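Below is one structure, written out as structure tokens; the observations come after it.
The values are calculated or read from the model by the stated rules, or taken from the named source; none is laboratory data. Because the structure is a prediction, the values reported are computed rather than measured. Neighbour counts run over all protein chains shown; Cβ positions are idealised from the backbone, glycine included. Side chains are part of the model used for accessible areas, which takes the heavy atoms of the whole protein and leaves out ligands, DNA and RNA. Shrake-Rupley method; radii C 1.70, N 1.55, O 1.52, S 1.80 Å.
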Amino acid sequence: QVHLVESGGAVVQAGGSLRLSCAYRPSVFDMYHMAWYRQASGGQRDLVARVPKGGEPEYGDSVKGRFTISRDYAKGRLFLQMDTLTPEDSAVYYCNAQLGRNDFWGQGTQVTVSS
């Protein structure tokens, strides 16, 4: 059963912008902490940004000032606005929902930034 569905990945030139979206069922995930992770080819899965339930957004050092995470609780959407993209941002981006020992992942969406 698919719980989290990402969309918005694309090929974009360096300096450009993209907005990723993750759709989920509010009745299931309303209380969950949610985040975006990314995994470059051959690399590990790293935290990009996180928005705890009722808390302030947190960002990885490499994306601070360029990426913005936001959440629409009513519509069941998690967003990642990515600006000033660089080739180093190229990766598969994953939506994550976590609460206690419950941990859910989307299937990922590919972002490729060309130089």
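Some notes on this structure:
- Cα-projected label distance for L99 with A40, points at 7 Å along beta-carbon direction, nm: 3.5 nm
- Furthest towards positive pole of dipole, L80, Y59, V12, structure part the chain, Cβ charges: L80
- Dipole of the chain computed with +1 at Lys/Arg Cβ and -1 at Asp/Glu Cβ about the Cα centre; of Y94, S115, Y32, farthest Cα towards the positive end is Y32.
- A simple spin-label model places pseudo-atoms 7 Å from Cα toward Cβ; at S62 and D30 they are separated by 3.6 nm.
- Rough spin-label spacing in nm, given labels placed 7 Å along Cα→Cβ, for R19 and H3: 2.7 nm
- Phi angles across segment 91-98 convert, under the Karplus curve 6.51 cos²θ - 1.76 cosθ + 1.60 with θ = phi - 60°, into 3J(HN,Hα) values of 4, 8, 9, 10, 8, 10, 10, 9 Hz, Gly and Pro given as x.
- The chain, dipole about Cα centre (Lys/Arg Cβ +1, Asp/Glu Cβ -1), debye to the nearest 20: 280 debye
- Accessible heavy-atom area order of E58, E88, E6, highest first, probe of 1.4 Å: E88, E58, E6
- Between amide H atoms placed 1.01 Å from N, distances below 5 Å from F67 occur with D83, all of them 5 or more places distant or on a separate chain.
- Pairs of Cα atoms farther than 16 Å apart, the chain, %: 56 percent
- To put it simply, the accessible area of segment 66-115 at a 1.4 Å probe is 50 percent carbon and sulfur.
- Surface per residue (accessible, 1.4 Å probe) for the chain, Å²: 54 Å²
- Segment 19-84: chymotrypsin sites (Phe, Trp or Tyr not before Pro) in DSSP coil with no more than 14 other Cβ atoms inside 10 Å: Y73
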